[in-house]
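See structure below.
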2 protein chains.
Amino acid sequence: MNNPLLDYPGYHLRRAASSRLAELGRHLDGLGLGVTEASILVLIDQNPDLSQADCGRLLSIQRPNLNPLIQKLIQRGLILTAKGQGRALKLRLTPAGHALTPDIIAEFQAHEARIYAAVPERFRADLVAILRSLWTTDGS
Amino acid sequence: MNNPLLDYPGYHLRRAASSRLAELGRHLDGLGLGVTEASILVLIDQNPDLSQADCGRLLSIQRPNLNPLIQKLIQRGLILTAKGQGRALKLRLTPAGHALTPDIIAEFQAHEARIYAAVPERFRADLVAILRSLWTTDGS
DNA sequence: TATTGTTATACTCTATAACTATA
DNA sequence: TATAGTTATAGAGTATAACAATA
């Protein structure tokens, strides 16, 4: 059997991203969080009083898609809101949310270590630069 | 604002893959095909009499998820089936499907050219190898 | 019995439109 | 008016369970 897609970097990019994302998701199962939820918590941890809109811009998640995730985290008692400018809400971690972030960051770092370990050693120093160059800034 | 995720190769991997996939999707709009549908057609084109199960294995799409895509391509008159071993169905392109594949492959190659052009020149020769090393073979 | 095709279902991520609230 | 939050909805992609058909 002949798979012509194996010659395409775009195909490997897609497969690598989806398998690594699924792998990280499994490692976060123990914390009861999805990858996106965990990312939101880390982002709020390092940017207290971040608004939903800014949070979405940093993660490239559109407001209508981010909102239910935020509501879920509020209901779990991991984040809380305060009034900000205009209609904006300032997001902060609760003590429970704060207690969780070191474990999340540890999982993130273990994940990155696995990724670095997977690539040939001579490319490791440039890996972030290479992957960053692959982004597109237009749609999505 | 501080985005700690920008230090993580896994984050850039995910963002790069999703933006490039969306970009390819827009370029395929003119053919009336999604990225996955187009990939299936190319795969059948180069592997006539491929079964659904084998097609799914090559693309890492599970059978229950692949089936509706196949049905859609049959209904559009792009592929057809014949009896194979056991319950298996052999997949082939119709003349209409065959007429479409050169355009698909042209879009795929243009897509890959854009990706290669985006990375610093000294990494281009190794790009596929680097991305292939990032795959995980366990889940997804 | 093992494999394939099929249906149902559910969850995540993403996209668009439209509504409400506030500087 | 411009921005933020919210609701509804739709479409991909993916995962599991279960059933039918065939060597």
_I need the full set of residues from the stretch A:18-34 which are among the basic types (K, R) and surrounded by fewer than 17 Cβ atoms within 10 Å (Cβ to Cβ), in order please._
A:R26
_Scan of the stretch A:2-58 for residues that are without any contact (Cβ under 8 Å) to a residue 24 or more places away in the chain, over 16 Å from the mean Cα position of the chain (by Cα) and within 17 Å of B:L131 (Cβ to Cβ), ordered by number_ = A:N3, A:P4, A:L5, A:L6, A:D7, A:Y8, A:P9, A:G10, A:Y11, A:H12, A:R14, A:R15
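So, in the stretch A:111-131, exactly how many residues are within 19 Å of A:V35 (Cβ to Cβ) and either in contact with a helix residue (DSSP H, G or I) (Cβ under 7 Å, 6 or more places away or on another chain) or in a loop (DSSP other than H, G, I, E, B) (or both)?
Residues in the stretch A:111-131 being within 19 Å of A:V35 (Cβ to Cβ) and either in contact with a helix residue (DSSP H, G or I) (Cβ under 7 Å, 6 or more places away or on another chain) or in a loop (DSSP other than H, G, I, E, B) (or both): 7 in total.
Conditions tested, residue by residue: (1) over 28 Å from B:A22 (Cα atoms); (2) within 14 Å of DNA strand C (Cβ to nearest atom).
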residue	(1), (2)
A:Y8	no, no
A:Y11	no, no
A:D49	yes, no
A:L58	no, yes
*Listed residues B:G86, B:G97; which is away from chain A (no Cβ under 14 Å) and in contact with a Leu (Cβ under 6 Å, 6 or more places away or on another chain)?*
B:G97
*Within the stretch B:13-33, which residues are within 12 Å of DNA strand D (Cβ to nearest atom) and within 21 Å of A:S19 (Cβ to Cβ)?*
B:A17, B:S18, B:L21, B:A22, B:L24, B:G25
_Residue list for the stretch A:35-64, restricted to those being within 13 Å of chain B (Cβ to nearest Cβ), under 18 Å from A:G25 (Cβ atoms) and either away from DNA strand D (no atom under 11 Å from the Cβ) or surrounded by fewer than 15 Cβ atoms within 10 Å (Cβ to Cβ) (or both)_ = A:V35, A:T36, A:A38, A:S39, A:I40, A:L41, A:V42, A:L43, A:L59
*Restricting attention to the stretch A:115-138, report how many residues are touching a residue at least 24 places away in the same chain (Cβ under 8 Å) and within 10 Å of B:P9 (Cβ to Cβ).*
1
*Positions within the stretch A:3-38 being outside any helix (DSSP H, G or I) and within 13 Å of B:L59 (Cβ to Cβ), in sequence order*: A:N3, A:Y8
*Number of the condition not met by A:A96 [criteria: (1) within 16 Å of DNA strand C (Cβ to nearest atom); (2) among the hydrophobic types (A, V, I, L, M, F, W, C); (3) surrounded by fewer than 14 Cβ atoms within 10 Å (Cβ to Cβ)]*: (1)
*Does the stretch A:65-82 contain any residue that is in a helix (DSSP H, G or I), within 14 Å of chain B (Cβ to nearest Cβ) and either within 13 Å of DNA strand C (Cβ to nearest atom) or farther than 30 Å from B:L131 by Cα (or both)?*
yes
_Would you confirm, using the coordinates I've provided, whether A:A53 is assigned to a helix (DSSP H, G or I) and either touching a helix residue (DSSP H, G or I) at 6+ places or on another chain (Cβ under 7 Å) or within 12 Å of DNA strand C (Cβ to nearest atom) (or both)?_
yes
*Could you list, in sequence order, the residues of the stretch B:83-110 that are part of a helix (DSSP H, G or I) and without any contact (Cβ under 8 Å) to a residue 40 or more places away in the chain?*
B:P95, B:A96, B:A99, B:P102, B:A106, B:Q109
_Tally, over the stretch B:127-140, of residues that are more than 7 Å from every other protein chain (Cβ to nearest Cβ) and crowded, with 16+ Cβ neighbours inside 10 Å_ = 0
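Each value in this text was obtained by applying a stated rule to the coordinates, not by laboratory testing. The shown structure was predicted, so the numbers you read here are calculated from the model rather than taken from an experiment. Heads up, the Cβs are rebuilt from the backbone with ideal geometry, glycines too, and the neighbour counts pull from every protein chain shown.
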